[in-house]
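Values in this text are rule-based calculations from the coordinates and carry no lab data. On a predicted model such as this, the values are computed, not experimentally measured, just so you know. In this analysis, Cβ positions are derived from the backbone assuming ideal geometry, glycine residues included, and neighbour counts consider all displayed protein chains.
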Amino acid sequence: MAHLPLEIINLEKSFGTGFLNLKKVKPVKGISFEVKEGEIFGLLGPNGAGKTTTLKMITGLIFPDAGTISIFGKSSLSASSRKRIGFLPENPWFYEYLTAREFLKMTGGIFSIPSSEIRQRTDSLLERLGIAHAADTQMRKFSKGMLQRAGLAQAIINNPDFIILDEPLSGLDPIGRKDVRQLIIDLKKEGKTILFSSHILSDVEDVCDSVVILNSGLIKQKGRLSDLTATSAGTVEIQTQGPEMKLSDFPEKLRDSIQIESISRGTRLIFTEENANKNEILSFLIDAGQNIDKVFKHNRSLEDIFMENSSESKQQEN
Ligand SMILES: Nc1ncnc2c1ncn2[C@@H]1O[C@H](COP(=O)(O)OP(=O)(O)OP(=O)(O)O)[C@@H](O)[C@H]1O
Ligand SMILES: [Mg+2]
């Protein structure tokens with residue numbers, strides 16, 4: 001059986017800070033998750049949640065205090081697993097006097113890729129990332145978005161099976177974000193596995209297959225995105241046409257669970273399926289002589305899921 005691209009078990013990391021490093025901060029407090037072959041996996045959470053620390057441990061830049069990381073079934077530190085990974089760090093460091101082409105030649109050289117192949121891959125990557133026009137420009141003249149694209153090209157120059165990107169959308173304008181999201185989807189179509197971090201949940205919703213939501217170094221949610229967002233707690237909106245309705249027209253037991261407002265030719269009702277039965281409400285409306293115009297079911301967004309979790313953890317802390 002093929003090994004998982006990534007399996008993390010009980011990973012922990014703390015840092016010493018302050019005078020003599022005596023004060024400890026613990027950005028990763030024991031997390032476990034796995035990334036399956038061919039999926040786009042989002043490591044999400046607010047600033048300071050522990051995303052970068054986790055990705056640095058996966059890519060071997062820092063060592064965990066406890067826990068295990070395996071990449072394609074091998075230790076994350078083994079040379080063979082390293083070869084199969086591409087990485088875009090959060091703050092990529094560039095030799096700013098190199099041109100984009102020279103930079104990619106240098107990174108390709110680290111992976112001992114033959115120079116003819118580097119040349120060909122460089123051209124196609126710069127084209128694909130929309131910076132072909134600047135291939136021979138020194139990177140100190142690049143804008144932030146161009147640097148981010150050069151960093152992405154660097155992360156995939158070795159044609160890795162498993163691509164790890166720390167905040168690949170940061171610093172990009174809306175078009176740039178769309179391009180990079182498309183690149184991530186295209187890489188998946190080529191059979192790659194992608195793990196990327198983001199603190200902007202809405203940006204990743206239409207891209208990820210699975211997610212982990214981290215907060216304060218702990219996993220708050222994990223699973224397939226479709227399972228997390230499609231939940232019984234979804235919000236339902238019904239629009240009717242007919243005589244204007246007031247809350248007092250509804251049976252008493254429904255009044256606490258629904259919100260209503262009048263719209264141009266009728267009434268809009270909003271409720272969550274957890275609190276009220278959609279079919280019961282629909283039949284009441286029909287009996288009341290209303291014409292059902294529209295019924296929408298809004299899935300929860302990742303933002304909703306995250307907010308629910310952060311308010312729960314605040315309550316626990318208090
Ligand atoms: N080398 C370090 N020494 C001390 N503290 C650190 C170190 N690296 C990270 N931290 C702390 O660990 C916590 C998590 O940081 P991390 O960079 O992993 O968060 P993040 O989820 O990537 O956040 P962001 O969205 O801002 O990138 C922060 O409180 C940070 O200050
Ligand atoms: Mg980070």
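Karplus-based coupling profile of the range 119-133, in residue order and whole Hz: 4, 5, 5, 4, 4, 6, 5, 5, 5, 4, 8, x, 10, 4, 5, with θ = phi - 60° in 6.51 cos²θ - 1.76 cosθ + 1.60 and x standing for Gly or Pro. Taking amide hydrogens as placed 1.01 Å from N in the peptide plane, the amide H of Ser14 sits under 5 Å from those of Asp65, each at least 5 positions away in sequence or on another chain. For the range 6-229, the antiparallel share of DSSP beta bridges with both residues in that region comes to about 55%. Dipole size of the range 235-298 about its Cα centre, with +1 on Lys/Arg Cβ and -1 on Asp/Glu Cβ: approximately 160 debye, rounded to the nearest 20. A Förster radius of 30 Å, combined with the Cβ-Cβ distance separating Glu274 from Ile62, puts the computed FRET efficiency at roughly 0.10. When only Cα pairs below 8 angstrom with a gap of at least 6 residues are kept, the chain shows a relative contact order of 19 percent.
In the chain, the alpha-carbon atoms span a convex hull of 194 Å³ per residue.
Think of each Lys and Arg Cβ as +1 and each Asp and Glu Cβ as -1; about the Cα centre, that makes the dipole of the range 143-274 roughly 260 debye. The residues neighbouring Ser81, those whose beta-carbon lies less than 13 Å from its own, together hold a net charge of +2 under the Lys/Arg +1, Asp/Glu -1 convention.
Springs between Cα atoms under 10 Å define the GNM used for the chain, and in it the highest mean-square fluctuation of Leu55, Leu43, Leu22 occurs at Leu22. The stretch between His133 and Thr17, if pulled fully straight at 0.36 nm per residue, gains 37.3 nm over its current Cα-Cα span. Largest mean-square fluctuation among Ile131, Ile213, Ile270, in a Gaussian network model of the chain whose springs join Cα atoms under 10 Å apart, belongs to Ile270. Extension gain for the segment Val25 to Ala79, taken as residue separation times 0.36 nm less the Cα-Cα distance, is 16.4 nm to one decimal.
Kindly state, to the nearest 0.05, the FRET efficiency for Glu90 paired with Ala2, given R0 = 22 Å and r defined as their beta-carbon distance.
Numbers: r = 30 Å, r/R0 = 1.34.
After rounding to 0.05, the efficiency reads 0.15.
Ordering Thr272, Pro251, Gln241 by Cα displacement along the dipole of the range 235-298 toward the positive end leaves Gln241 in first place; charges were set at the Cβ atoms of Lys, Arg (+1) and Asp, Glu (-1).
Of all the stretches in the chain, which is the longest one without any exposed loop site, taking chymotrypsin sites (Phe, Trp or Tyr not before Pro) in a DSSP loop (any state but H, G, I, E, B) with at most 14 other Cβ atoms within 10 Å? The answer is 112-318. The simple Förster model, with R0 at 45 Å and r as the Cβ-Cβ distance, assigns Val295 and Ile200 a FRET efficiency of 0.90. Taking every DSSP helix (H) stretch of at least 4 residues in the chain, weighting each as -39,500 (n - 2.57) and dividing the sum by the residue count yields a mean residue ellipticity at 222 nm of -9500 deg cm²/dmol.
Between Asp186 and Glu303, full extension at 0.36 nm per residue minus the direct alpha carbon distance yields a gain of 39.6 nm.
What size of dipole, in debye to the nearest 20, comes out for the chain about its Cα centre when the only charges are +1 on Lys and Arg C-beta atoms and -1 on Asp and Glu C-beta atoms?
1260 debye
The ellipsoid equivalent to the alpha-carbon distribution of the range 45-136 has semi-axes of 29, 18, 11 angstrom, derived from the gyration tensor eigenvalues as √(5λ) and listed largest first. Counting every alpha-carbon pair across the range 235-298, the share separated by more than 15 Å comes to 42%.
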